[in-house]
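K.L.:
Structure provided below as C-alpha coordinates; questions to follow.
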Amino acid sequence: MLFISRIQEIVVINNFWVGMAKTPVFGLIVALIACRQGLDVGGDVQSLGKATTASVVHAIFLIIVTDAIFAMIYMELDI
(Lines give C-alpha, C1' and ligand atoms only; values in the text may rest on other atoms or scores of the structure.)
Protein backbone atom coordinates (compact mmCIF):
# COMPACT_ATOMS: atom_id res chain seq x y z
CA MET A 1 0.00 0.00 0.00
CA LEU A 2 2.95 2.29 0.51
CA PHE A 3 3.69 2.22 -3.21
CA ILE A 4 0.13 3.15 -4.19
CA SER A 5 -0.10 6.01 -1.72
CA ARG A 6 3.31 7.32 -2.76
CA ILE A 7 2.36 7.20 -6.46
CA GLN A 8 -0.80 9.17 -5.73
CA GLU A 9 1.30 11.82 -4.00
CA ILE A 10 3.94 12.09 -6.71
CA VAL A 11 2.09 11.65 -10.01
CA VAL A 12 -0.21 14.48 -10.96
CA ILE A 13 -3.44 12.99 -12.30
CA ASN A 14 -3.38 15.35 -15.27
CA ASN A 15 -0.01 13.95 -16.37
CA PHE A 16 -1.37 10.43 -16.07
CA TRP A 17 -4.32 11.16 -18.37
CA VAL A 18 -2.11 12.95 -20.90
CA GLY A 19 0.04 9.82 -21.10
CA MET A 20 -3.00 7.58 -21.38
CA ALA A 21 -4.36 9.71 -24.24
CA LYS A 22 -1.15 9.38 -26.25
CA THR A 23 -0.75 5.63 -25.79
CA PRO A 24 -3.41 4.45 -28.29
CA VAL A 25 -2.05 6.81 -30.93
CA PHE A 26 1.45 5.41 -30.51
CA GLY A 27 0.09 1.87 -30.64
CA LEU A 28 -1.78 2.65 -33.84
CA ILE A 29 1.37 4.10 -35.40
CA VAL A 30 3.38 0.98 -34.57
CA ALA A 31 0.65 -1.34 -35.84
CA LEU A 32 0.14 0.51 -39.12
CA ILE A 33 3.84 0.72 -39.88
CA ALA A 34 4.42 -2.93 -38.99
CA CYS A 35 1.52 -4.05 -41.18
CA ARG A 36 2.69 -1.93 -44.09
CA GLN A 37 6.25 -3.19 -43.85
CA GLY A 38 4.98 -6.75 -43.47
CA LEU A 39 3.18 -6.46 -46.78
CA ASP A 40 6.50 -5.64 -48.46
CA VAL A 41 8.20 -8.85 -47.31
CA GLY A 42 9.26 -11.05 -50.18
CA GLY A 43 9.81 -14.77 -50.28
CA ASP A 44 13.22 -14.84 -48.61
CA VAL A 45 14.49 -14.39 -45.09
CA GLN A 46 16.63 -11.37 -45.95
CA SER A 47 13.61 -9.33 -46.97
CA LEU A 48 11.99 -10.19 -43.63
CA GLY A 49 14.99 -8.85 -41.73
CA LYS A 50 15.10 -5.69 -43.81
CA ALA A 51 11.37 -5.10 -43.39
CA THR A 52 11.61 -5.63 -39.63
CA THR A 53 14.50 -3.19 -39.33
CA ALA A 54 12.71 -0.63 -41.49
CA SER A 55 9.56 -1.06 -39.43
CA VAL A 56 11.36 -0.40 -36.15
CA VAL A 57 13.23 2.63 -37.51
CA HIS A 58 10.12 4.17 -39.05
CA ALA A 59 8.02 3.52 -35.95
CA ILE A 60 10.56 5.08 -33.59
CA PHE A 61 10.92 8.12 -35.83
CA LEU A 62 7.18 8.66 -36.17
CA ILE A 63 6.58 8.18 -32.45
CA ILE A 64 9.16 10.87 -31.68
CA VAL A 65 7.59 13.23 -34.21
CA THR A 66 4.07 12.48 -32.95
CA ASP A 67 5.14 13.02 -29.35
CA ALA A 68 6.58 16.40 -30.33
CA ILE A 69 3.30 17.31 -32.01
CA PHE A 70 1.39 16.25 -28.89
CA ALA A 71 3.74 18.38 -26.79
CA MET A 72 3.07 21.44 -28.94
CA ILE A 73 -0.69 20.85 -28.84
CA TYR A 74 -0.68 20.38 -25.07
CA MET A 75 1.47 23.47 -24.67
CA GLU A 76 -0.97 25.55 -26.71
CA LEU A 77 -3.91 24.16 -24.74
CA ASP A 78 -2.00 24.75 -21.49
CA ILE A 79 -2.48 21.17 -20.36
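K.L.:
Suppose we filter region 41-56 for residues that are surrounded by 12 or more Cβ atoms within 10 Å (Cβ to Cβ), out of contact with any Gly (no Cβ under 7 Å at 6 or more places or on another chain) and over 22 Å from residue 19 (Cα atoms); how many remain?
P.N.:
Result for region 41-56: 7.
K.L.:
Let me ask something else about it. Residues of region 11-23 being assigned to a helix (DSSP H, G or I) and not aromatic (Phe, Trp, Tyr), which ones?
P.N.:
If the condition is that a residue be assigned to a helix (DSSP H, G or I) and not aromatic (Phe, Trp, Tyr), then 13, 14, 15, 18, 19, 20, 21, 22, 23 are the ones that fit.
Residue by residue, here is whether (1) assigned to a loop (DSSP other than H, G, I, E, B); (2) within 26 Å of residue 71 (Cβ to Cβ); (3) β-branched (Val, Ile, Thr); (4) more than 22 Å from the chain's Cα centre (by Cα) holds:
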{"site": "4", "(1), (2), (3), (4)": "no, no, yes, yes"}
{"site": "9", "(1), (2), (3), (4)": "no, yes, no, yes"}
{"site": "25", "(1), (2), (3), (4)": "no, yes, yes, no"}
{"site": "30", "(1), (2), (3), (4)": "no, yes, yes, no"}
{"site": "36", "(1), (2), (3), (4)": "no, yes, no, no"}
{"site": "50", "(1), (2), (3), (4)": "no, no, no, no"}
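K.L.:
So residue 41 clears everything in (1) among the hydrophobic types (A, V, I, L, M, F, W, C); (2) under 15 Å from the mean Cα position of the chain (by Cα); (3) outside any helix (DSSP H, G or I) except one condition, right? Which one?
P.N.:
(2)
K.L.:
When residue 59 is evaluated against the numbered criteria (1) of a type in the set (Gly, Ala, Ser); (2) modelled with pLDDT of 95 or more; (3) loosely packed, with under 12 Cβ neighbours inside 10 Å, which criterion, by number, is the only one it fails?
P.N.:
That leaves (3) as the condition not met.
K.L.:
Report, by residue number, each residue of region 21-38 that is at pLDDT 95 or above and either among the aliphatic types (A, V, I, L, M) or touching an Asp or Glu at 6+ places or on another chain (Cβ under 6 Å) (or both).
P.N.:
Passing the criteria: 25, 28, 29, 30, 31, 32, 33, 34.
The values are calculated or read from the model by the stated rules, or taken from the named source; none is laboratory data. Everything numeric here is computed off the predicted structure, so don't read it as measured data. Every residue, glycine as well, gets a Cβ built from its backbone with ideal geometry; the counts of neighbours run over all protein chains shown.
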